[in-house]
Amino acid sequence: MATGSSGKNGVQSLSRAFGLLEAMADAGGEISLSQLATRTQLPPPTIHRLIRTLVGLGYVRQEPSRQYSLGPRLMRLVDTSTKRLATLAHPQMSQVVDLLGESVNLAVLDGDEVVYVAQLQPSQNFMRMFTEVGGRVKPHSTAVGKAILAHMPEDAVRGLLGRTGMPRRTEHTLTTPERLIADLDQVRQRGYAIDDGEHELGVRCVAVAVQPAPRPMALSISGPLPRVSDEVVMRAVPVLADAARRIGAELEAAGTSRATAELQPA
């Protein structure tokens, strides 16, 4: 990943610093200076200078292994961003619950894992699921994860799977890259992903990707397998797709409005 350039040194340094943070997130854990140099195509002295600044600010920390990882100060930014995302998505998620009567989840890809950032439960037909806000799961066994992975290049998917592994959650979990890649091809063809008891026995989930979005994101419904029949899935897909489009439009509008405000003179 090459970082952007700018005629202004301050803007260029900011762009490069965010490039380093994104490379750390993509690595899914600790990363060395040499690995950062390979990923960002920046000179090691530049990386060392920026990392030293980020460590001093608390956005990056140096591990005992002398590698680097994202620092705790980022959590405050993430928490605020997540709350804002949930607020923007709430009206659309509420409409999905009203139309389908099943649990609705919004999830994002954070590093190599899927994080559930918002959830709404129906007032009736309540059944507690494995999902909860803040919960983290491997993407290969969930509908939201597969909906997200289907929009990534195959080499990026294989790289992620190589880092996370594909642990078996149930007897239905896809545990080889080849089987998952084939399943992702089907996701792209039909426009939605299915989890048939692959993460939790007896639970079926259907998900669609949210686009455009500032980060990989998906919207899903989940419920007991007998209740989420093929007929319900076919009814759910257009509802989810419409809600996902609306959420994407809200996010895009919010980002555009913020950028416009920041360009206005003080």
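The values are calculated or read from the model by the stated rules, or taken from the named source; none is laboratory data. Given the structure is predicted, the values throughout are model-derived calculations rather than measurements. So basically every Cβ, Gly included, is an ideal-geometry build from the backbone, and we count neighbours across all protein chains shown.
Of note:
- Condition met for Ala209 (assigned by TED's automatic domain parsing to the domain that holds His151, farther than 16 Å from Lys138 by Cα, surrounded by fewer than 16 Cβ atoms within 10 Å (Cβ to Cβ) and aliphatic (A, V, I, L, M)): no
- The residues on offer are Ile148, Ile181, and the sole one that is touching a Pro at 6+ places or on another chain (Cβ under 8 Å), of a type outside the set (Lys, Arg) and part of a helix (DSSP H, G or I) is Ile148.
- Looking across region 126-156 at every residue that is modelled with pLDDT under 95 and among the hydrophobic types (A, V, I, L, M, F, W, C), the one that is nearest to Arg190 (Cα to Cα) is identified as Met152.
- Summed over region 213-227, the residues that are crowded, with 21+ Cβ neighbours inside 10 Å and either farther than 18 Å from Lys146 by Cα or in contact with an Asp or Glu (Cβ under 6 Å, 6 or more places away or on another chain) (or both) give a count of 2.
- Subset of region 157-174 (residues that are out of contact with any helix residue (DSSP H, G or I) (no Cβ under 7 Å at 6 or more places or on another chain), more than 9 Å from Ser141 (Cβ to Cβ) and of a type in the set (Val, Ile, Thr)): Thr164
- Among the residues of this structure, Val203 counts as one that is farther than 23 Å from His90 by Cβ and touching a Gly at 6+ places or on another chain (Cβ under 8 Å).
- Flag for Glu231 being touching a residue at least 40 places away in the same chain (Cβ under 8 Å) and either in contact with a Lys or Arg (Cβ under 8 Å, 6 or more places away or on another chain) or not β-branched (Val, Ile, Thr) (or both): no
- Residue in region 65-74 that is modelled with pLDDT under 85, among the aliphatic types (A, V, I, L, M) and part of a helix (DSSP H, G or I) present: yes
- Only one of the numbered conditions (1) surrounded by fewer than 16 Cβ atoms within 10 Å (Cβ to Cβ); (2) at pLDDT below 95; (3) under 19 Å from the mean Cα position of the chain (by Cα) is violated by Pro265, and that is (3).
- Selection of first residues in region 235-251 that are on the phi < 0 side of the Ramachandran plot and not assigned by TED's automatic domain parsing to the domain that holds Ala86 and of second residues that are surrounded by 17 or more Cβ atoms within 10 Å (Cβ to Cβ) and part of a helix (DSSP H, G or I), restricted to Cβ pairs under 8 Å at least 6 apart or on distinct chains, gives an empty result.
- Among residues of region 145-194 being of a type in the set (Gly, Ala, Ser) and more than 16 Å from Val233 (Cβ to Cβ), the one that is surrounded by the most Cβ atoms within 10 Å (Cβ to Cβ) is Gly145.
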